[in-house]
């Protein structure tokens, strides 16, 4: 969903949290939003392609432009921790 579509969902009170996670395909960071039921809404461009950020901070700033909700930032090494 685009930024404006996600902002409309937030203003309607439907988004409850966000997550910034590492994307292994693009080696960037993704912003993903969740509603009360756990449905996932990924930030995309107008053509539906993933929007990838160069750092977790950049992705987190974009989350806060869309919604003021609790945000979890995943560790880059979460799949490799022992």
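Table for the structure above
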read-out: Test set (1) touching a residue at least 40 places away in the same chain (Cβ under 8 Å); (2) surrounded by 16 or more Cβ atoms within 10 Å (Cβ to Cβ); (3) more than 10 Å from residue 66 (Cβ to Cβ) - residue 16 fails condition number; value: (2)
read-out: Meets criteria (in contact (Cβ under 8 Å) with a residue 24 or more places away in the chain, touching a strand residue (DSSP E or B) at 6+ places or on another chain (Cβ under 8 Å) and surrounded by 14 or more Cβ atoms within 10 Å (Cβ to Cβ)) for residue 62; value: yes
read-out: Top-ranked residue in segment 28-46 [being loosely packed, with under 12 Cβ neighbours inside 10 Å and either touching a residue at least 12 places away in the same chain (Cβ under 8 Å) or under 14 Å from residue 3 (Cβ atoms) (or both); ranked as nearest to the chain's Cα centre (by Cα)]; value: 45
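Only the coordinates and a few stated rules stand behind these numbers; no lab work does. Only a predicted model underlies this, so the values are computations on that prediction, with no experimental measurement involved. All Cβ positions, even for glycine, are placed from backbone atoms using ideal geometry, and neighbour counts span all protein chains on display.
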